[in-house]
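See below for the structure under consideration.
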Amino acid sequence: MLDFTLSKAQQEFRDYAHQVAVEEMRPISLECDRSEKIPESFFWNMQKRFWAGSAGQARMVSAEERQENVLSLLSQEEMAWGDAALSTAIPGPGLAAPPILAQGTPEQQAKFLGLYMDGQLHWGALALTEPGIGSDVSGIATTAIQDGDEWVINGHKHYITNGARADLVITFATIDKSMGRAGIRPFVVPKGTPGLKVGRIEEKMGLRASQTAELIYEDCRIPKDHLLAGREKSTKAGFKAAMGTLDATRPMVGALAVGIARAAHEMTTHWVKEELPKGYPAHKRRDIENELEELRQEIQMARFLVWRAAWMADKRIPNSKEASMCKAYAGGLVMKVTATGVRISAPGENSEAKQFLNKWFRDAKVFDIFEGTAQIQRLVIARRLFPEVEIP
Ligand SMILES: Cc1cc2nc3c(=O)[nH]c(=O)nc-3n(C[C@H](O)[C@H](O)[C@H](O)COP(=O)(O)OP(=O)(O)OC[C@H]3O[C@@H](n4cnc5c(N)ncnc54)[C@H](O)[C@@H]3O)c2cc1C
């Protein structure tokens, strides 16, 4: 049965994440956005908070109610409420974890994820996108050629979140271009491997404090056992790993979008209550209040779509359609809510509230792009709704 009533322990976990967002993220949010820099102290604070704090809280949640995906998105929503860019920089394996968990052997999981357990600052990244190859990852051009006990990787990735600071980069490459998507495999490339170079760091409109890097692989040699896909021997394993990763991460991205939308909605509501000019016509105020009420309902709907997709992932129910639905809906909604906030607060002074609304408006756009654009989510949904129709 589908039941989204949170247990007491889950609520406490969410409350803890919210407290962290209030205390660690909001106070530095605007400055990090301006400077595109994050102070080192933030990384350590988050490291400590999530080791001593929420990790401890998570341990209190019993096994049946742990629901890793649902728990994770409870915290993602709160982190994005605090600052979505900072949330992408919290130390940990991040996007590297899902493919390692889905495609790694038990030994690989212990080895690669064990790296993140030593209490130091470590990050992970996932590198799918290449110049010219984003939406259709089956065209990946980065190659991996086996040479004795090593794989030799050559290619070029861009727009990789945490790419320059990641200790492990899960790199998708083809072992044989003639095999098309069946030739794609995920490889674990550690930071500092000779031949792995960091290129340009993007200057962005939104999520400015989040690091987005270019990675260049030139005869980059990694040990043979850094090929994931050990659990699934079929030739489609690598492509399945890429797609399976998205089924797990799209609800998380949806949760981030809901977090920003909620933050913007709260701030706009507060602005209307406190700062709408005196003498503002009553009928116009009512229109604004109605608009905000409709948006509140839509945020709630987005949250339920996100929770359903994550709940299915926890139950091991195939969720590609639902993951795409929640990502497409939440990604569109966050742009609508933040745009409304900017419009409604337009007559105001350049208050802190307005600065936050402007920032969230800029941050929102990428939720329509990464982890698959809205057009691609609709293709995924359509393929599952109408499997008999050939969609190019
Ligand atoms: C801030 C940021 C962080 C990112 N982080 C990562 C990361 O960590 N790892 C990673 O691998 N990638 C990452 N990306 C890349 C991101 O996933 C891609 O930008 C995205 O998948 C789109 O790919 P593209 O930019 O190549 O656009 P394209 O695929 O070239 O698409 C361009 C446009 O064409 C449309 N389009 C394409 N194909 C179709 C179709 N068949 N039907 C209809 N419309 C279509 C798209 O919707 C889009 O509007 C990040 C991007 C950004 C901006």
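The values are calculated or read from the model by the stated rules, or taken from the named source; none is laboratory data. Since we're looking at a predicted model, the values are computed, not measured. Here the Cβ positions follow ideal geometry from the backbone for every residue, glycine too, while neighbour counts run over all protein chains shown. Areas reflect the complete protein model, heavy atoms only, side chains present, ligands, DNA and RNA absent. Shrake-Rupley method; radii C 1.70, N 1.55, O 1.52, S 1.80 Å.
For a test of the definition: using alpha carbon positions, the gyration tensor, and the 1.5 limit on a/c, classify segment 100-234 as rounded, prolate or oblate. Present the calculation step by step, with values, prior to reporting the outcome.
Details: a/c = 1.60, a/b = 1.12, b/c = 1.43.
Oblate shape, in that a/c is at least 1.5 and b/c is the bigger or equal ratio.
Ignoring ligands, DNA and RNA, how do ILE222, ILE201 rank by accessible area with a 1.4 Å probe, largest first? Before the final figure, lay out the partial values.
Numbers: ILE222 0, ILE201 85 Å².
Ranked list, largest accessible area first: ILE201, ILE222.
Straight-line reach from LYS8: which aspartates and glutamates fall under 12 Å, measuring Cα to Cα and dropping same-chain residues less than 8 apart?
Within reach: GLU65.
If you line up the long axis of helix 352-364 against the longest principal axis of the chain, both from Cα atoms, how many degrees apart are they, to the nearest 10?
Tilt of helix 352-364: around 40 degrees.
Give me the percent of the accessible area of the chain that comes from carbon and sulfur atoms, probe 1.4 Å, all protein chains in place.
On the way: 9910 of 18040 Å².
Looking at the chain in its full context, I get 55 percent from C and S.
I want to check the label-to-label distance for LEU30 and ILE201. Put each point 7 Å from Cα in the C-beta direction and report it in nm to one decimal.
2.4 nm
In what sequence, largest accessible area first, do PHE239, PHE112 appear using a 1.4 Å probe? Let's see the in-between values first.
Values: PHE239 35, PHE112 10 Å².
In descending accessible area the options line up as PHE239, PHE112.
Taking the Cα centre of the chain as the origin, how large is its charge dipole in debye, to the nearest 20, when only Lys and Arg (+1) and Asp and Glu (-1) carry charge on their Cβ atoms? It would help to have the intermediate numbers written out before the result.
Details: 49 positive and 50 negative charges, 95 e Å.
Here the chain has a charge dipole of around 460 debye.
Could you list, in their original order, any pairs among LYS240/LYS365; LYS336/LYS365; LYS177/LYS321; LYS157/LYS240; LYS157/LYS327; LYS204/LYS336 whose Cα atoms are separated by more than 18 Å? Don't skip to the end; give the middle numbers.
Values: LYS240/LYS365 28 Å; LYS336/LYS365 10 Å; LYS177/LYS321 28 Å; LYS157/LYS240 20 Å; LYS157/LYS327 23 Å; LYS204/LYS336 20 Å.
Result: LYS240/LYS365; LYS177/LYS321; LYS157/LYS240; LYS157/LYS327; LYS204/LYS336 exceed 18 Å.
What's the center-to-center distance, using Cα atoms, between segment 87-156 and segment 31-46 in Å?
Between the Cα centre of segment 87-156 and that of segment 31-46, the gap is 24 Å.
Rounded to the nearest 10 degrees, what's the angle between the helix 282-314 long axis and the longest principal axis of the chain, both from Cα atoms, 0 to 90?
Roughly 30 degrees between the two axes.
How large is the accessible surface of SER72 in square angstrom, using a 1.4 angstrom probe and rounding to the nearest 10?
Its accessible surface works out to 40 Å², give or take rounding.
Would you please give the residues with an amide H less than 5 Å from that of ALA173, counting only those at least 5 places away or on a separate chain, with H modeled from the backbone geometry?
Counting only residues 5 or more places away or on other chains, the set is ARG185, PHE187.
Of MET267, MET243, which has the most accessible area and how do the rest follow, probe 1.4 Å? Show your work: numbers first, answer last.
Working: MET267 35, MET243 65 Å².
My answer, sorted largest first, is MET243, MET267.
Considering only the chain, what is the antiparallel percent among its DSSP beta bridges, to the nearest 5?
On the way: 27 of 33 bridges.
Percentage antiparallel, nearest 5: 80.
If you fit an axis through the alpha-carbon atoms of helix 68-88 and take the longest principal axis of the Cα set of the chain, what angle between them do you get, 0 to 90°, nearest 10?
The angle comes out at about 70 degrees.
Separation between the LYS273 and GLN146 pseudo-spin-labels, each 7 Å from Cα along Cα→Cβ, expressed in nm?
According to this spin-label approximation, the distance is 6.4 nm.
Residue by residue, what Karplus-based ³J(HN,Hα) values in Hz, rounded to whole numbers, does segment 25-33 have, using 6.51, -1.76 and 1.60 with θ = phi - 60° and x for Gly and Pro?
3J(HN,Hα) across segment 25-33, in whole Hz: 9, 3, x, 10, 4, 5, 5, 5, 5.
Residue separation times 0.36 nm, minus the C-alpha to C-alpha distance between ARG316 and TYR280: what's the value? Mind showing how you got there, number by number?
Working: separation 36, 0.36 × 36 = 12.96 nm, distance 5.27 nm.
Extending this stretch completely gives an extra 7.7 nm.
Can you compute the helix-only [θ] at 222 nm over the chain? Use -39500 (n - 2.57) per DSSP H run of at least 4 residues, normalise by all residues, nearest 500 deg cm²/dmol. Intermediate values should be presented prior to the final figure.
Numbers: 13 runs with 201 residues, N = 392.
Result for the chain, helices only: -17000 deg cm²/dmol.
At what distance in angstrom do the alpha carbon centres of segment 262-341 and segment 165-195 lie from each other?
37 Å
Please list 3J(HN,Hα) in residue order for segment 175-185, calculated via the Karplus relation 6.51 cos²θ - 1.76 cosθ + 1.60 where θ = phi - 60°; whole Hz, with x for glycine and proline.
8, 6, 4, 5, 7, x, 5, 5, x, 7, 9
Taking the Cα-to-Cβ direction at GLN19 and at MET179 and moving 7 Å from each Cα, how far apart do the two end points lie in nm?
Going from the GLN19 label point to the MET179 one covers 5.0 nm.
Once the Cβ-Cβ distance between GLU349 and PHE4 is put in as r, and R0 is 41 Å, what FRET efficiency do you end up with, to the nearest 0.05?
Values: r = 40 Å, r/R0 = 0.97.
The calculated FRET efficiency here is 0.55.
Between segment 246-260 and segment 352-370, how far is it from one alpha carbon centroid to the other, in angstrom?
First find each Cα centre; the distance between them is then 16 Å.
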